[in-house]
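The values are calculated or read from the model by the stated rules, or taken from the named source; none is laboratory data. Given the structure is predicted, the values throughout are model-derived calculations rather than measurements. Methodologically, a virtual Cβ is constructed for each residue, glycine included, from the backbone with ideal geometry; neighbour enumeration extends over all protein chains shown. The accessibility values were calculated without ligands, DNA or RNA, using every heavy atom of the protein model including side chains. Shrake-Rupley method; radii C 1.70, N 1.55, O 1.52, S 1.80 Å.
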Amino acid sequence: MAEASRMFHTALTLTLPPPFSQTPSRHFQPVPRRHPIRCSISSTDTVKTAVTQKIPWGCEVDSLENAALLQKWLSDSGLPPQKMGIERVEVGERGLVALKNIRKGEKLLFVPPSLVISADSEWSCAEAGEVLKRNSVPDWPLLATYLISEASLMQSSRWSNYISALPRQPYSLLYWTRAELDKYLEASQIRERAIERINDVTGTYNDLTLRIFSKHPHLFPEEVFNMETFKWSFGILFSRLVRLPSMDGKVALVPWADMLNHSSEVETFLDYDKSSQGVVFTTDRMYQPEVFISYGKKSNGELLLSYGFVPREGTNPSDKVELLLSLKKSDKCYKEKKEAMRKYGLSTSQCFPLQITGWPLELMAYAYLVVSPPSMSKDFEEIAAVASNKTTSKKDIRYPELEEQALQFILDSVEASISKYDKFLQESGSMDLDVTSPKQLNRRVFLKQLAVDLCTSERRILFRTQYILRRRLRDIRSGELRALRIFDGFRKLFK
């Protein structure tokens with residue numbers, strides 16, 4: 001899998017849990033900067049970096065030396081002998097490759113619980129952990145803070161070899177600037193998801209700072225616990241955290257296992273095996289040479305969002321694109337339809353997923369609601385319930401008299417979306433990267449290529465949807481024309 005993508009199971013959602021405080025993060029008042037304070041968890045000058053400096057721990061994403069040290073430490077700490085080793089791979093910089101023949105149905109890894117990082121893990125700075133738990137900090141921000149705390153201790157932490165093998169800058173949309181998101185992802189709805197995620201991380205950090213860090217500066221000094229280090233730690237969590245179904249859905253970081261790269265063709269995922277008392281995965285095919293695992297049935301956009309890569313066009317059967325449908329304010333029943341939507345958790349601008357294989361029933365119901373005339377006002381709530389998937393009654397509702405209008409409405413939305421993708425892809429060839437540094441130029445070229453790959457794959461789905469819609473509308477209209485001709489023929493007989 002790409003080095004930036006380690007969320008293995010579909011049960012783990014892509015949306016960051018909201019800040020644990022009941023106070024909305026938008027009301028956060030900035031905490032005044034303090035003079036640097038020497039704290040018990042950062043006794044060396046190495047970690048006293050300014051917010052603007054690079055993360056002082058971790059490694060380059062293709063570092064094999066750090067990975068080899070990790071493997072040795074894990075083996076010395078109880079990891080059983082492995083059939084896999086870390087090597088440079090074609091996609092993802094590093095990955096696990098088969099050292100011996102691996103057959104279908106084999107269990108691999110067997111990472112013991114003592115080598116797994118979870119919310120229950122012991123803190124090197126016990127007092128810091130107690131403060132967070134006393135304040136009922138949820139697992140995600142707790143683990144993010146734990147990673148920073150352990151990383152800041154360098155060699156004094158038992159996890160130093162693991163942290164040294166983590167990428168210094170995870171491949172994540174968290175590291176894209178707002179200008180880059182606006183420039184490269186303007187056509188894709190993933191842009192909105194990325195902005196939402198960045199705001200969630202920022203809000204979570206601000207919340208922790210206001211309620212905990214500022215009150216315990218000796219445990220959480222700003223030179224260590226700042227927005228840059230939280231961006232790093234959340235980037236690691238988004239790309240490597242796994243939910244273990246057999247441990248009541250516990251989320252955890254699993255060293256060694258998180259070196260596995262993703263393949264859309266693979267369906268196996270990590271879980272805790274009670275019989276062997278270790279984290280394993282069961283192979284669903286023979287592997288040679290690289291061993292892959294599934295990060296879940298995620299779209300190309302979701303994979304880019306968390307893991308920083310986009311599969312080749314047409315290789316991801318779970319790929320989809322979000323289509324935005326909107327109710328116009330000029331609609332004669334705008335207020336009534338808006339209220340029906342609000343009652344069932346919908347908005348007047350709503351996204352629905354499209355796949356190569358089709359679209360959900362909820363999308364069609366939403367289209368019915370948008371095009372329905374005033375005479376159907378008594379049906380608005382029923383249609384809204386189906387569009388929201390919050391009904392126990394029949395979901396596959398049909399209104400033949402609205403079919404053509406609804407399909408045309410969807411087609412108009414699809415073609416409006418296609419035009420945005422066309423514009424971006426046409427302009428991307430001549431896009432001015434506006435950078436002078438060779439290193440920065442490489443970054444911009446890389447980001448642009450990711451955006452082009454994503455938009456190409458999403459537009460492919462839109463093209464397929466456009467074709468299906470046009471064909472269905474043509475069939476409806478040709479059928480109506482035939483019916484009209486038959487009716488005219490009968491009328492002539494009685495003249």
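Contact map, segment 72-86: residues that are β-branched (V, I, T) paired with residues that are assigned to a helix (DSSP H, G or I), Cβ distance under 9 Å, separation 6+ or inter-chain. Pairs shown: I86/L64; I86/A67; I86/A68; I86/L70; I86/Q71; I86/M259. Note on segment 280-290: among residues that are under 26 Å from the mean Cα position of the chain (by Cα) and polar (S, T, N, Q), the one that is surrounded by the fewest Cβ atoms within 10 Å (Cβ to Cβ) is T282. When segment 243-279 is filtered for residues that are surrounded by fewer than 20 Cβ atoms within 10 Å (Cβ to Cβ) and outside any loop (DSSP other than H, G, I, E, B), the ones remaining, listed by number, are P245, S246, M247, K250, D271, D273.
Is it the case that segment 203-215 has a residue that's surrounded by fewer than 16 Cβ atoms within 10 Å (Cβ to Cβ) and either of a type outside the set (A, V, I, L, M) or outside any loop (DSSP other than H, G, I, E, B) (or both)?
For segment 203-215, residues surrounded by fewer than 16 Cβ atoms within 10 Å (Cβ to Cβ) and either of a type outside the set (A, V, I, L, M) or outside any loop (DSSP other than H, G, I, E, B) (or both): present.
Take the residues of segment 380-424 that are in contact (Cβ under 8 Å) with a residue 40 or more places away in the chain and among the small types (G, A, S): which is farthest from F463 (Cα to Cα)? This residue is A385. Restricting attention to segment 347-383, the residues being open to solvent by less than 40 Å² (accessible area, probe 1.4 Å) and in a loop (DSSP other than H, G, I, E, B) number 3. Within the option set L96, L79, L74, L108, being open to solvent by less than 40 Å² (accessible area, probe 1.4 Å), closer than 27 Å to S275 by Cα, assigned to a loop (DSSP other than H, G, I, E, B) and not acidic (D, E) holds for one residue only, L79.
Can K390 be described as surrounded by fewer than 15 Cβ atoms within 10 Å (Cβ to Cβ) and in a helix (DSSP H, G or I)? For K390, the condition - surrounded by fewer than 15 Cβ atoms within 10 Å (Cβ to Cβ) and in a helix (DSSP H, G or I) - is not met. Of the residues making up segment 226-267, those that are over 13 Å from Y307 (Cβ atoms), basic (K, R) and in contact with a strand residue (DSSP E or B) (Cβ under 6 Å, 6 or more places away or on another chain) are R243, K250. A single member of Y344, Y334 is under 30 Å from M376 (Cα atoms), open to solvent by 30 Å² or more (accessible area, probe 1.4 Å) and in contact with a helix residue (DSSP H, G or I) (Cβ under 8 Å, 6 or more places away or on another chain), and it is Y344. Every condition in (1) among the polar types (S, T, N, Q); (2) open to solvent by 10 Å² or more (accessible area, probe 1.4 Å); (3) touching a residue at least 12 places away in the same chain (Cβ under 8 Å) holds for T177 except the one numbered (3). Assess whether R158 counts as being out of contact with any strand residue (DSSP E or B) (no Cβ under 6 Å at 6 or more places or on another chain), assigned to a helix (DSSP H, G or I), at pLDDT 95 or above and among the basic types (K, R). No; evaluated as a whole, the condition is false for this residue.
Screening L132 with (1) touching a Ser or Thr at 6+ places or on another chain (Cβ under 8 Å); (2) at pLDDT below 95 gives one miss only, at (2).
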